[in-house]
2 protein chains.
Amino acid sequence: MTMKRFFFSAFMLLITGWSVAATDEDGSRLWLRMETANTAAIVTGIKGTAMTELQTYWQGGPVMLKRQKGLAKDGYTIKSQGDKIVIAAANDAGLLYGAYHLLRLQQTGNSSSSLDISEKPFYDLRILNHWDNPNGTCERGFAGKSIFFNPNPEHMKMYARANASVGINGTVLNNVNAKPEALSSENLEKVKTIADQLRPYAIRVYLSINFASPIKIGGLKTADPLDAKVIGWWKDKVNEIYRLIPDFGGFLVKANSEGEPGPQDFGRTHADGANMLAGVLKPHNGIVMWRAFVYAPQSPDRANQAYLEFMPLDGQFADNVIIQIKNGPVDFQPREPYSPLFTAMQKTQMMVEFQLTQEYLGAANHLVYLAPLWQEFFSFVKPASLRAMAGVANIGDDTNWCGHHFAQANWYAFGRAVWNPSLTSEQIANEWLRQTFSNDERMLSSVKQIMLDSREAAVNYMMPLGIHHIFAGVHHYGPEPWYSPKGLRADWTPPYYHRADSIGMGFDRTVNGSANVMQYPYELCRLYNDINTCPETLLTWFHHVPWDHKMKSGRTFWDELCHKYDDGVHQARHFLAAWDAMQPYVDKQRFSEVQRKLRIQARDAEWWRDACLLYFQTFSHRPIPQDVEHPVHNLDEMMQFRIPITMYENPENGYNK
Amino acid sequence: MTMKRFFFSAFMLLITGWSVAATDEDGSRLWLRMETANTAAIVTGIKGTAMTELQTYWQGGPVMLKRQKGLAKDGYTIKSQGDKIVIAAANDAGLLYGAYHLLRLQQTGNSSSSLDISEKPFYDLRILNHWDNPNGTCERGFAGKSIFFNPNPEHMKMYARANASVGINGTVLNNVNAKPEALSSENLEKVKTIADQLRPYAIRVYLSINFASPIKIGGLKTADPLDAKVIGWWKDKVNEIYRLIPDFGGFLVKANSEGEPGPQDFGRTHADGANMLAGVLKPHNGIVMWRAFVYAPQSPDRANQAYLEFMPLDGQFADNVIIQIKNGPVDFQPREPYSPLFTAMQKTQMMVEFQLTQEYLGAANHLVYLAPLWQEFFSFVKPASLRAMAGVANIGDDTNWCGHHFAQANWYAFGRAVWNPSLTSEQIANEWLRQTFSNDERMLSSVKQIMLDSREAAVNYMMPLGIHHIFAGVHHYGPEPWYSPKGLRADWTPPYYHRADSIGMGFDRTVNGSANVMQYPYELCRLYNDINTCPETLLTWFHHVPWDHKMKSGRTFWDELCHKYDDGVHQARHFLAAWDAMQPYVDKQRFSEVQRKLRIQARDAEWWRDACLLYFQTFSHRPIPQDVEHPVHNLDEMMQFRIPITMYENPENGYNK
């Protein structure tokens, strides 16, 4: 080998090696894939995290950071002044958000030389809820173990940067099913460490508390919120917290719900409980987020329960209490109507709780972009009628943070939506894709379309036409519309919700049924109450629909149901094919990891369709239409299928039968 | 309950009970579903099986059975004479076939009052080959254990009736991979019992023999066919057989093939071996069927081997030797060109061996109607150029005889085709469906179409465009185009056949390759040798086809391959949907048993498509076209899949991953 040849080969090796390393990505950088600038950018003005981030990643001209009175809290302006860019804000958080805005422009290929941007957040409180347990698991966590369990400073920094980059400014560190030990002095020391790591990024920490803590860790005989000793115990505990964490945010409380203790155990109301805690937190500017997620085994309609418990208390809550209400009246289903509490309560501060972790949407295996679901919610509930938004996080210690590369989009989108609920799903998808994958238009339009269609596809293949909660008993991943173990409370079994029989299927919530429609404003009530005006997307939510009911398509309800399920399968298959065509535009690792997930999703979509149609067919006694793909398994075989996972795990493979 | 009401209910119960019993069928009656006539039909003339069958099942007017000279052996006439029907034949077999013809007219709804039918078989020898082993298993048997292993007289009678009803007049009871013990005196007593049971139905028995029998059970030192002691041993053995079974048919021999002993072990030729046996059988009117299924591990092209070994012997075989040649040059693949021996040998009696048992066509799980395959064969090989037809049986002790209700059609069709090779696949399907299911036109047209399309569908989803032998190593059921264990002889591995590489795939059998094309007549040789004139259905059989080769559709070869596989999947799915629509016209048991099989077939079709496309894609490096369904498993996952069966079993479930 000549010397020349040797050098050439060595050079090629370098190139190849480098190129593989550069192109293969593991997703750990999320949407913050800025390369470190070769020479630090010139950034002047206010020192702090904003300056550090710009110095590290900004590749444009000089930037000046300055304080400016009169701007909204956390708001900012970005203006070109000659060859300089000036970011102005009333506080450090505003400067930080402005810095990330500028970096976002850089990453999305926006190269305007004349900037004149003015932004402020729509909501003051932009909060993630982590359902993390002291043992390191995450309830309905599909991306590994808790990131707070054994916090690594570099990991915490990335988590903080990611949140700050989209404006998230609060995080509840632990599960709403809170262990009393969350408030132990030992645990509070850990919380302090995390708070210290997040503070530079303008993120406050909150804790979920167990209402029986005064008994369980305080040694008292009661947790009655009107008991002086109990109040005293809470005061002391809160003082202890604020000594460690002066900017502590407050408490999130799940009380008298699914077996958790609460004020009703002591003959008191939700208001009694919430107001007591609010009183204790008030001097520290802390808040109480009190969840409205309540239902009872004996209730004839679970969807009615929150309204029945909370409406009588409207107006009774302290001004630092916010009632945190899930978007729908049941539980994060692929599609629900909005929870009627949102339009019913007039004198109570409310916030919506969205779920980013896909408990009911294919966990970390299915690509389901959730922004369209939130947008649908906001078409009924005015953003201004709410005080805040909470998102149940989908974050764990997996390399790519969320288990599925596209699940990162839901974290991103939540932050963007809580900053500005009027951003469209498409705008957010576009921003996220450009930062997370590339600005290549050949990739953007296809993949954006996958994202935008994905939620409706999931509704189609899981639970079209208003069907809800026909999930497997434990893991909420696959279909088990038949699940009904002897002795289990009815509202924990799918037949309670789908009510299939020889006449039809669906839950009669009309005035002749559970009267749930009456919890909605009059116009909606009228619309929902009539099977002929009720939107077909919610048909079996509100009606027991006869199999032969004529749908707008001209088909019978049964035939429509079959077609919807089949549409979902074909959509899932289309996502896979469309993604496969993206191979030239995506690094190999993420391409194949996403491909693998989309393959699972397409298989699971078939599982859903076939299991549900075969099961419901045992009631409808009608044939599956010829132009719908016919099930390739027998129902009894499908009913044998088990995914042996708990509620803390992502299924490795999905449907494999 | 009033008395009247009671009677009514009891009546309804009776009706319902009766109707369920009558409608549910287990397939054990095959296509012979005639009800026993209420009063015995008036049948006069020659006594025997023909008379008994008509007395039991004929529901029309008087029938007379008579002998008539001048008619062909086994032929018959059926003529209306006044109010009587006269069946005339030269022998008992002819009368029996005439009787079954009349019953077939009854069952297929043909009610002509003026019959004038004249029939005779195209081939004299209409023979089933059973690959049954002494231990009760059937090689490539997918319908349970051997029916000869522990023969039940009722079972034997049904088997005989079924054969006779379609004109089959011979049966080889044991596997061509014959144990020497097949000729033991103990076994011959069993064979005699079976022969006695089949004789009333004009069926002669034959045996496969092991060429080394003189050594193995005779205690001789050699089996050299020219050795006097060996010849003496065979003479004695044959005499022993004919003492027990005076109408014994003869021997079927697999020699010097796949490890079986043969004359070449003693330096003799196939002709030496066959002629020695023929000489011994000749005095008894016995025949030798000598198989041409030979190939060698060192052969550069297995497809060439039979021609190379047998052509030099053309003209050397005795006149009671028939060379039995598989329809294609390799081994019962979904599609092969015809074996070139058929057009090459000019001075040798030949018979074709078709395989009814679906060794390479989805076993007893896939609905594949084989008559179109045979029709395709006969479009190249003139029926008159052959002496006989053999069909490798798909029969076992399963309740429905063949494992799959529709596999019965292949048994039926074989009998009909060997009787009259010019019957179309459609005619035979029509006859069989009418007798086996019903004369309901709503059922007939749909299901007939499934049958007629089924073989091409199987080719599409398994091995389109000339691909062959890419089956799993042991069971030949699923795809394992990658199967290539270290040290295994190459011609037992799929890569030997598909030869996929970065350029393309396929076996170059042109004059520049293995020159296999030269074994065909000149016109065909020219046609096959040119990639642009070679039929696309055989393209990779004869050519190493570049991935970018332009096909007649305008697509590249790779894209066409993807489309063909996908077409097959959609065809299999369509069969399922079309069958599902037949529920009103088919009894519940057979409906759901067939449905279950069609579900397996649709899943298996996906397995084939996805495994093959993903595997071949590792060579083609081309994307799967957007309008083709994309694989939902990763190749490495699919490569893990195993069906733990031997070559004696039908897979319970097919592809389950």
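Across region A:497-523, the qualifying residues are those that are outside any loop (DSSP other than H, G, I, E, B) and free of Cβ contacts under 8 Å to residues at least 24 places away in the same chain, and the one among them that is most open to solvent (accessible area, probe 1.4 Å) is A:Tyr522. B:Tyr360 meets each of the listed conditions (1) over 18 Å from B:Ala390 (Cα atoms); (2) touching a Pro at 6+ places or on another chain (Cβ under 7 Å) apart from (1). Taking region B:522-572 as the range and being of a type in the set (Ser, Thr, Tyr), touching a Cys at 6+ places or on another chain (Cβ under 8 Å) and farther than 17 Å from B:Ile470 by Cβ as the test, only B:Tyr528 passes.
Just give me the residues in region B:297-313 being without any contact (Cβ under 8 Å) to a residue 12 or more places away in the chain and in a loop (DSSP other than H, G, I, E, B), in sequence order. The one that is without any contact (Cβ under 8 Å) to a residue 12 or more places away in the chain and in a loop (DSSP other than H, G, I, E, B): B:Gln298.
Among the residues making up region A:389-410, those that are in a loop (DSSP other than H, G, I, E, B) and not aromatic (Phe, Trp, Tyr) are A:Ala393, A:Asn394, A:Ile395, A:Gly396, A:Asp397, A:Asp398, A:Thr399, A:Asn400, A:Cys402, A:Gly403, A:His404.
The residue of region B:274-292 that is surrounded by the fewest Cβ atoms within 10 Å (Cβ to Cβ), among those that are free of Cβ contacts under 8 Å to residues at least 40 places away in the same chain and out of contact with any helix residue (DSSP H, G or I) (no Cβ under 6 Å at 6 or more places or on another chain), is B:Pro283.
Could you check, for region B:579-586, whether at least one of its residues is at the interface with chain A (Cβ under 8 Å from one of its Cβ atoms) and among the hydrophobic types (A, V, I, L, M, F, W, C)? Among the residues of region B:579-586, at least one is at the interface with chain A (Cβ under 8 Å from one of its Cβ atoms) and among the hydrophobic types (A, V, I, L, M, F, W, C), which makes the answer yes.
Total residues in region A:314-333 satisfying the condition of being part of a loop (DSSP other than H, G, I, E, B) and farther than 30 Å from A:Tyr477 by Cβ: the figure is 7.
Is there a residue being part of a helix (DSSP H, G or I) and either in contact with a strand residue (DSSP E or B) (Cβ under 9 Å, 6 or more places away or on another chain) or away from every other protein chain (no Cβ under 12 Å) (or both) anywhere in region B:636-648? There is at least one residue in region B:636-648 that is part of a helix (DSSP H, G or I) and either in contact with a strand residue (DSSP E or B) (Cβ under 9 Å, 6 or more places away or on another chain) or away from every other protein chain (no Cβ under 12 Å) (or both).
Here the condition is being farther than 21 Å from A:Val632 by Cβ and part of a helix (DSSP H, G or I); of B:Trp579, B:Trp558, it holds for B:Trp558 alone. Of the residues making up region A:444-484, those that are part of a helix (DSSP H, G or I) and either open to solvent by 40 Å² or more (accessible area, probe 1.4 Å) or aromatic (Phe, Trp, Tyr) (or both) are A:Ser445, A:Ser446, A:Gln449, A:Leu452, A:Asp453, A:Glu456, A:Tyr461. For region A:72-96, filtering for residues that are closer than 21 Å to A:Arg204 by Cα and surrounded by 15 or more Cβ atoms within 10 Å (Cβ to Cβ) leaves 12.
In region B:336-356, the residue that is surrounded by the most Cβ atoms within 10 Å (Cβ to Cβ) out of those that are over 19 Å from the mean Cα position of the chain (by Cα) and of a type in the set (Val, Ile, Thr) is B:Thr348. Kindly check whether there is at least one residue in region B:204-215 that is assigned to a helix (DSSP H, G or I), modelled with pLDDT of 95 or more, within 30 Å of the chain's Cα centre (by Cα) and among the aliphatic types (A, V, I, L, M). Looking through region B:204-215, none of the residues is assigned to a helix (DSSP H, G or I), modelled with pLDDT of 95 or more, within 30 Å of the chain's Cα centre (by Cα) and among the aliphatic types (A, V, I, L, M). Summed over region A:111-138, the residues that are of a type outside the set (A, V, I, L, M) and within 24 Å of A:Asn91 (Cβ to Cβ) give a count of 9. Taking the listed residues A:Ala296, A:Ala318, A:Ala271, the one that is among the aliphatic types (A, V, I, L, M), buried (at least 21 other Cβ atoms within 10 Å of the Cβ) and on the phi < 0 side of the Ramachandran plot is A:Ala271, with no other qualifying. If you go through region B:567-577 and pick out every residue that is touching a helix residue (DSSP H, G or I) at 6+ places or on another chain (Cβ under 7 Å), open to solvent by less than 10 Å² (accessible area, probe 1.4 Å) and either free of Cβ contacts under 8 Å to residues at least 12 places away in the same chain or within 13 Å of another protein chain (Cβ to nearest Cβ) (or both), you end up with 4. Among A:Ala611, A:Ala605, which is within 11 Å of chain B (Cβ to nearest Cβ), part of a helix (DSSP H, G or I) and open to solvent by less than 30 Å² (accessible area, probe 1.4 Å)? Checking each option against the conditions leaves just A:Ala605.
Per-residue answers, yes or no, for (1) acidic (Asp, Glu); (2) under 23 Å from A:Leu188 (Cβ atoms):
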{"residue": "A:Lys229", "(1), (2)": "no, yes"}
{"residue": "A:Lys237", "(1), (2)": "no, yes"}
{"residue": "A:Tyr242", "(1), (2)": "no, yes"}
{"residue": "A:Phe248", "(1), (2)": "no, yes"}
{"residue": "A:Val253", "(1), (2)": "no, yes"}
{"residue": "A:Glu260", "(1), (2)": "yes, yes"}
{"residue": "A:Phe293", "(1), (2)": "no, no"}
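Only residues that are more than 13 Å from B:Val176 (Cβ to Cβ) and open to solvent by less than 50 Å² (accessible area, probe 1.4 Å) were counted across region B:239-268, and they come to 10. In this entry, A:Arg555 is excluded by the filter for residues that are farther than 19 Å from A:Gln408 by Cα and within 13 Å of chain B (Cβ to nearest Cβ). May I ask you to list the residues in region A:454-484 that are over 22 Å from A:Tyr338 (Cβ atoms) and either touching a residue at least 24 places away in the same chain (Cβ under 8 Å) or in contact with a strand residue (DSSP E or B) (Cβ under 9 Å, 6 or more places away or on another chain) (or both)? Of everything in region A:454-484, those that are over 22 Å from A:Tyr338 (Cβ atoms) and either touching a residue at least 24 places away in the same chain (Cβ under 8 Å) or in contact with a strand residue (DSSP E or B) (Cβ under 9 Å, 6 or more places away or on another chain) (or both) turn out to be A:Tyr461, A:Ala472, A:Val474, A:His475, A:Tyr477, A:Gly478, A:Pro479, A:Glu480, A:Pro481, A:Trp482, A:Tyr483. Taking the criterion of being surrounded by 15 or more Cβ atoms within 10 Å (Cβ to Cβ) and either farther than 22 Å from B:Ser620 by Cα or out of contact with any strand residue (DSSP E or B) (no Cβ under 9 Å at 6 or more places or on another chain) (or both), the residues of region B:485-494 that qualify are B:Asp491, B:Trp492, B:Thr493. Tell me, please, whether a residue that is over 30 Å from A:Tyr648 (Cα atoms), in contact (Cβ under 8 Å) with a residue 24 or more places away in the chain and not in a loop (DSSP other than H, G, I, E, B) can be found in region A:23-41. Checking region A:23-41: at least one residue is over 30 Å from A:Tyr648 (Cα atoms), in contact (Cβ under 8 Å) with a residue 24 or more places away in the chain and not in a loop (DSSP other than H, G, I, E, B). Considering region A:614-627, the residues that are buried (at least 17 other Cβ atoms within 10 Å of the Cβ) and over 19 Å from B:Arg596 (Cβ atoms) include one that is nearest to the other protein chains (Cβ to nearest Cβ), namely A:Pro625.
When A:Asn656 is tested against (1) at pLDDT 95 or above; (2) closer than 21 Å to A:Trp482 by Cα; (3) within 9 Å of chain B (Cβ to nearest Cβ); (4) open to solvent by 10 Å² or more (accessible area, probe 1.4 Å), just one condition goes unmet, and that condition is (1).
If the condition is being more than 20 Å from B:Gly262 (Cβ to Cβ) and surrounded by fewer than 22 Cβ atoms within 10 Å (Cβ to Cβ), then region B:199-218 contributes B:Arg199, B:Pro200, B:Arg204. Taking region B:587-602 as the range and being more than 9 Å from chain A (Cβ to nearest Cβ) and within 26 Å of B:Val632 (Cβ to Cβ) as the test, the residues that pass are B:Val594, B:Lys597.
The values are calculated or read from the model by the stated rules, or taken from the named source; none is laboratory data. Just so we're clear, the structure is a prediction, and the values are computed from it rather than from any experiment. All Cβ positions, even for glycine, are placed from backbone atoms using ideal geometry, and neighbour counts span all protein chains on display. Protein only, heavy atoms only, side chains kept; ligands, DNA and RNA dropped before computing areas. Shrake-Rupley method; radii C 1.70, N 1.55, O 1.52, S 1.80 Å.
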